[in-house]
Every structure is written in structure tokens, then in C-alpha cells.
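Visitor: Pasting in a structure now, in C-alpha cells, and then I'll have a few things to ask.
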Amino acid sequence: MNVFVTGGAGYIGSICVEELLNAGHQVTVYDNLSEGHRSAVDPRAKFVQNSLSDAASVKQVLQKSKAEAVMHFAANALVGESMANPGKYFRNNVASGLNLLDAAVECGVKKFVFSSTCATYGPPDRVPMTEDLPQRPINPYGESKLMFEKMLTWYQRIHGLEFVAFRYFNAAGASGKYGEHHRIETHLIPNVLKVALDQKPHAEIFGTDYPTPDGTCIRDYIHIADLAQAHMLGLAPGTQGFYNLGNGDGYSVREVIAACEKVSGKRVPVVEQPRRPGDPPRLVAAAEKARRELGWTPKYPKLEDIVTTAWAWHKAHPDGYPD
Ligand code: UFG
């Protein structure tokens, strides 16, 4: 298929692009490089640097690519930042995303695959979390993704645009070539591995008074290669709807730090900090729907294996991407 990928220079997008190309698809990457890296784009893909806020450009490039499918990764995705700058999240994730949706309809795209998030649920009534739980986000990031989900539902009903929206839990790990490099790193695993690489003196734990067994937040970490696999399956004609992507196992911040110590063989000193605004205490997926309906089977269900791939990438790229 011809696949148009927004955010293909970013962490999750770059690895999905690699997988798409390995599977024989033709890929056009559209990315403004505000978060992504040019060198994270597989050289086999066509690359266009521009922003989704430029509606005319999106439509023109999409048309030229003869895209049959769109994968939409481009977004701002930091819970903490969204609590300080909500406008950035609604503008980029909702308003600019709408330009892409309109272009997809106008260009006759057959399938739209959207990167959504478990942050759309907010603190869940129960875990593991199924797709039918109420969505009550507690930060503008989750709200912006929920708004896009709703737009997708209406575009499907009114324009017949077939979509799959994946609600990622915590993406982690690396492929051999591509890994996690944010210019300002806020995520837990890369920050802890920086300590193991002697690039930071200590790791920080945001909140030790949560209602969890060790007082720190619990998350469900999912390998990016497994996320990418779900995206390949989502391209099949007839697949439609919302799917959680996670392993169904929750790990606390302290457990993640312990796994990083074990994998790296380095001791990681920690400093306990207050809670970070907008963080739900516990998010764990029930992803049976994706397994059942898409035939999705994660290859890296164990946290230690996920961290092992991340550690290999960070050791090989201690300064991340050059650009
Ligand atoms: N944390 C620390 N120390 C750090 C970094 C993070 O204690 O140095 C804590 C956070 O407070 C949180 C947990 O570790 O409790 C995980 O934090 P991350 O920043 O790694 O990930 P988030 O859960 O905040 O968010 C990520 C993505 C979102 C996505 C979300 C789904 O950034 O896009 O997972 O849970 F929506």
C-alpha cells in the first residue's frame, strides 16, 4: 500500500515506518521535525518537512503520495507540558489534526490509523482497563486525543472513513536502528538509563504517596515493535474501532528503576520528588480486544526484555540522534 505517515520522524512513528517498509509498503513521511529527527527517518521513505497546520500543503502532499492509508502519529504527547500549556495541545493535536482528516476524506483515503492513548480514560474505575470504560481525561493531552477520537467517529459515520484508533499505554524499548530520543526527555525509562550511562547523577521519582503498594505510579509498558505490529494489522480492510495496546502488567516507578539497574548492571541513585500534576496513579491495559479481533500478539511482554532493547540502543547512541 501507499501509506502517508505523519510524525514518522518521531519515536513511535520512526519504528512503524521501518516496519511498513520491511513489509513492502511505500511510505511518505510528513513531519515538521519539531519533535522528530531527520536521521530517524528510514532512508527508503520519501520525506516531506512541513507542518499539519498548513492545510494546503497537507492536502497537496497527501494527494501526490496517492495514499491509500494514513497513519497519524504527529502530536505533542507530554502530560506534564499539557498541564502548563493546554493551548499547544488543542492547537496541534486537534486543530492541525483536523486538516489531515479533511485532506484524507478529500483524497479518498481508505484507512486512517490514529495514535491515541490511555490518557483518554483518566483514572479508571477498574484495572485492567477495557475499551468500554468511561473516558474522563484529567489532563489536556488526554482531552485533545479524546477530541480527535470523537472527530474520527463522526467522520466515519458521515464520510465513511474507516479508522482504527490505538490507545497506547506506555511505549518503551527500541528497534536495532531506531530508539527514543526527545530533545527534552521527560519519560521514565530513558531518564533512568541516562543515570546508568553516567549522564545524570540520579533518577527522580515523582510522587511516593500514591495509593499503590510502594506508593509510586503504576504503568503498563509496551514495546514499540509490538505497537508497530498492531499498526500493520490495523491496515487490513474491514478493521475498525478503538483498541487498547498494552501488556496487561503494571509496574511501579520503583520496579522500573530496579529493572533498569538489573539490565544495565549499574546502581541508579534516586531522589524522591512531589507528585507531577496530571498523573493518574495506575494505568494497566486489558488488550484482549486487539488480540481477539486483530490477531495481535506482543513479542516483548516482559519489562526486562523491553528495557534490554532500550539499553542496547542508548548504549549505542549515548547522545541520541545527531540532529
Ligand atoms: N516518572 C518519574 N520520574 C521520571 C519520569 C517519570 O517518576 O523521571 C513517573 C511519572 O510521574 C509517571 C511514570 O513515571 O508516573 C511514567 O511517566 P512517563 O513520563 O514515562 O509516562 P506517562 O505515563 O506520563 O506518559 C506516557 C506518554 C503519554 C501517554 C502515557 C500513557 O508520554 O503520551 O504514557 O500512560 F499517554
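The values are calculated or read from the model by the stated rules, or taken from the named source; none is laboratory data. Keep in mind it's a predicted model, so treat the numbers as computed, not measured. Backbone-built Cβ (ideal geometry, glycine too); neighbour counts: all protein chains shown.
Visitor: Looking only at the range 246-267, count every residue that is among the aliphatic types (A, V, I, L, M), in contact (Cβ under 8 Å) with a residue 24 or more places away in the chain and either away from the ligand (no atom under 11 Å from the Cβ) or not assigned by TED's automatic domain parsing to the domain that holds Lys194 (or both) and tell me the total. Don't jump to the end; show me each part of the working.
Guide: First, pick out the residues of the range 246-267 that are among the aliphatic types (A, V, I, L, M): 253, 256-259, 263.
Narrowing further to those that are in contact (Cβ under 8 Å) with a residue 24 or more places away in the chain: 253, 256-257, 259, 263.
Keeping just the survivors that are either away from the ligand (no atom under 11 Å from the Cβ) or not assigned by TED's automatic domain parsing to the domain that holds Lys194 (or both) gives 259, 263.
So the count comes out to 2.
Visitor: Return yes when Glu185 is within 15 Å of Val256 (Cβ to Cβ) and assigned to a loop (DSSP other than H, G, I, E, B) and no when it is not.
Guide: On the way: within 15 Å of Val256 (Cβ to Cβ): yes; assigned to a loop (DSSP other than H, G, I, E, B): yes.
Against the criterion (within 15 Å of Val256 (Cβ to Cβ) and assigned to a loop (DSSP other than H, G, I, E, B)), Glu185 qualifies.
Visitor: Closer than 18 Å to Thr153 by Cβ and surrounded by 19 or more Cβ atoms within 10 Å (Cβ to Cβ): which single residue out of Ser116, Ser96, Ser82 fits that description?
Guide: Result of the check over Ser116, Ser96, Ser82: Ser116.
Visitor: Using the structure shown, decide if Tyr155 is within 24 Å of Gly8 (Cα to Cα), within 11 Å of the ligand (Cβ to nearest atom), hydroxyl-bearing (Ser, Thr, Tyr) and not assigned by TED's automatic domain parsing to the domain that holds Pro277. Give the derivation first.
Guide: Details: within 24 Å of Gly8 (Cα to Cα): yes; within 11 Å of the ligand (Cβ to nearest atom): no; hydroxyl-bearing (Ser, Thr, Tyr): yes; not assigned by TED's automatic domain parsing to the domain that holds Pro277: yes.
Spelling it out, it is not the case that Tyr155 is within 24 Å of Gly8 (Cα to Cα), within 11 Å of the ligand (Cβ to nearest atom), hydroxyl-bearing (Ser, Thr, Tyr) and not assigned by TED's automatic domain parsing to the domain that holds Pro277.
Visitor: List, please: which pairs have Cβ atoms under 7 Å, are six or more places apart or on different chains, and start with a residue in the range 277-295 that is over 28 Å from Leu233 (Cα atoms) and surrounded by fewer than 17 Cβ atoms within 10 Å (Cβ to Cβ) and end with one that is modelled with pLDDT under 95 and aliphatic (A, V, I, L, M)?
Guide: What qualifies is Pro277/Met83.
Visitor: If you don't mind, there's one more thing I want to ask. Evaluate the following for Ala119: is it assigned to a loop (DSSP other than H, G, I, E, B), out of contact with any strand residue (DSSP E or B) (no Cβ under 6 Å at 6 or more places or on another chain) and of a type in the set (A, V, I, L, M, F, W, C)? Show your work before the answer.
Guide: Working: assigned to a loop (DSSP other than H, G, I, E, B): no; out of contact with any strand residue (DSSP E or B) (no Cβ under 6 Å at 6 or more places or on another chain): yes; of a type in the set (A, V, I, L, M, F, W, C): yes.
Spelling it out, it is not the case that Ala119 is assigned to a loop (DSSP other than H, G, I, E, B), out of contact with any strand residue (DSSP E or B) (no Cβ under 6 Å at 6 or more places or on another chain) and of a type in the set (A, V, I, L, M, F, W, C).
Visitor: Condition test on Pro237, is it at pLDDT below 95 and under 30 Å from Tyr155 (Cβ atoms)? Write out each step before concluding.
Guide: Numbers: at pLDDT below 95: no; under 30 Å from Tyr155 (Cβ atoms): yes.
In short, no.
Visitor: A further question follows. Can you find a residue in the range 269-277 that is part of a loop (DSSP other than H, G, I, E, B), within 11 Å of the ligand (Cβ to nearest atom), at pLDDT below 95 and outside the structural domain of Ala225 (by TED's automatic domain parsing)? Show your work before the answer.
Guide: Of the residues in the range 269-277, the ones part of a loop (DSSP other than H, G, I, E, B) are 269, 274-277.
When the remaining residues are screened for being within 11 Å of the ligand (Cβ to nearest atom), the result is 274-277.
Filter again for at pLDDT below 95, leaving 276-277.
From the residues that got through so far, the ones that are outside the structural domain of Ala225 (by TED's automatic domain parsing) too are 276-277.
Yes.
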